[in-house]
1. Keeping all protein chains in place, calculate the accessible area per residue for the range 24-91 (probe 1.4 angstrom), answer in Å².
2. Is the shape of the chain best called rounded, prolate or oblate, per the rule: a/c under 1.5 gives rounded, else a/b larger than b/c gives prolate, else oblate, with a ≥ b ≥ c the square roots of the Cα gyration tensor eigenvalues?
3. With a/c under 1.5 counting as rounded, go ahead and sort the range 137-293 into rounded, prolate or oblate using the C-alpha gyration tensor (a ≥ b ≥ c being the square roots of the eigenvalues; past the cut-off, prolate if a/b is larger than b/c, else oblate).
4. Mind checking which aspartates and glutamates have their C-alpha under 12 Å from Lys120, skipping anything on the same chain fewer than 8 residues away?
5. Considering only Cα-Cα distances, which of the following residue pairs are longer than 20 Å: Lys163/Lys331; Lys242/Lys265; Lys383/Lys413?
6. Taking all protein chains in place and a 1.4 Å probe, what share, in percent, of the accessible surface of the chain do carbon and sulfur account for?
7. When the solvent-accessible surface of protein heavy atoms is calculated with a 1.4 angstrom probe, in what order do Lys190, Lys60, Lys163 fall, highest first?
8. In degrees between 0 and 90, to the nearest 10, how far off the longest principal axis of the chain does helix 114-127 point, with axes built from Cα atoms?
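The values are calculated or read from the model by the stated rules, or taken from the named source; none is laboratory data. These numbers come from a predicted model, not from an experiment. Backbone-built Cβ (ideal geometry, glycine too); neighbour counts: all protein chains shown. For accessibility, only protein heavy atoms count, side chains too; no ligands or nucleic acids. Shrake-Rupley method; radii C 1.70, N 1.55, O 1.52, S 1.80 Å.
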Amino acid sequence: MTTPMEHHPWRGQHLVVHNGLILQPDGRLLRGGLIIRDGCIQAVGADITADPELPCLDAKGHHVLPGVVDPQVHFRDPGLIHKEDLITASRACLRGGVTSYLEMPNTRPPTIDGASLEAKLERAADVSRVHYGFFLGACGDGANLPVLEQDNQGPLAQACGIKMFMGTGHGVLECSDPTVQEAVFAHGHKLIAVHAEDQQRIRQRRERLLTTEPRPADLHSIIQDPEAALLATCHALRLSEKFQRRLHVLHLSTGVEAELLRREKTALVSTEVTPQHLLLNRSAYGRLGALAQMNPPLRDEEDNQVLWQALVDGVIDCIATDHAPHTLAEKARPYPDCPSGMPGVETSLPLMLTQAQAGRCSVADVSRWMSQRPAELYGLEGKGRLAVGYHGDLTVVDLQTIRPVRNGDMVSKCGWSPFDGWELVGWPVATVVAGVVGYAHGVFHEGCRGAALRFV
Ligand code: DOR
């Protein structure tokens, strides 16, 4: 682990968190506290109590977990800031216990070169309340292949990975041509994260299935069917194998893909699932209409179960939200003109902790899936664990009080959640970023700032 002052601007960021149940890396709980000095954890112990010399946070007996690392979000900044921006999104992160995020390139302009990546990093340094990393997108026409081949010099050195939209849409980022896909996998070493849906199949099914009226939003799950996802995931696995390339399959949505990965996943391959794909299915369209529309689409209840089992068995490595906000006005357009995507960073941790409290997994499992594993997969220095030398990023969660998700409480600019009305436990009562309390009991500290994530 690095020393705090080597490259972090966190001098003077001290905090004592006391009277908590600290989740340790081995999954055991320690009744006590921890000391953060210059943004990094200096001590963890049963005997740590409030210190009159230092700022203190009384955890009041609640669980203290590593801050959540969300490895897939769309924060819309620049260019689509009527939906979200880095200020509203990172405040939403604080409210949800998320202290680091990896953001996708489908902004305007798209993040496809050094200039667009630098601009994002500068904006995030100015305003992001939590730590940040950004993907570089693979252009569908191969135009930025020279940038993507460079690996650890040039822009890619500052990116968390390469994002490839094998489908569906996103202008220059639609990378559905197998020749270009192969070229991206063939050169360089950096992790390639794929949105695995087969664009050709989707196009054919759209032509066939969108000709008749009415067109309810649940048609989305029929057009972009499980086979479309399976075809693309199979293809990505073949490319990873052929070029011995690190592959991350984003937001796994179907039981068939989970079973494929159970059989064929190699050490080069990792994958994630969203709380939406675990907890919602096609029945949600009845309640939510187009608010339930996302890519890849919601599937069946059986898929929820197979995905959950794959997560428990370690076939699926981690949780991501795919936070993809759109305004209610945009979502009110008739299908297929309404955009796909749902917000997620404010609710992901309490959703998962509610599952733990219901006995489906442990709190330590949730933290492993939401902090430790994503930090490991992307080589995020200092993240994902509460241990000496790690960064002072944490969230204090209340596992006793049940509170509903309410659209009106959302700080994300879109102002809605597909989980509106769900009764959850495990809401963050405080979130700490490198030793600074960014959020506590509904109040934000607007001066809290994250730093650029470092990838080792
Ligand atoms: O539903 C989705 N919406 N899935 C994606 O992968 C992209 C996202 C968006 O940016 O709106």
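1. Details: 2760 Å² over 68 residues.
Heavy-atom accessible area per residue stands at 41 Å².
2. Values: a/c = 1.69, a/b = 1.39, b/c = 1.21.
Cα axes put the chain in the prolate bin.
3. Numbers: a/c = 2.06, a/b = 1.64, b/c = 1.25.
Because a/c hits 1.5 or more and a/b exceeds b/c, the range 137-293 counts as prolate.
4. Partners found: Asp77, Asp85, Glu103.
5. On the way: Lys163/Lys331 25 Å; Lys242/Lys265 14 Å; Lys383/Lys413 27 Å.
From Lys163/Lys331; Lys242/Lys265; Lys383/Lys413, over 20 Å: Lys163/Lys331; Lys383/Lys413.
6. Values: 8390 of 16560 Å².
That share works out to 51 percent.
7. Working: Lys190 30, Lys60 135, Lys163 0 Å².
My answer, sorted largest first, is Lys60, Lys190, Lys163.
8. 40
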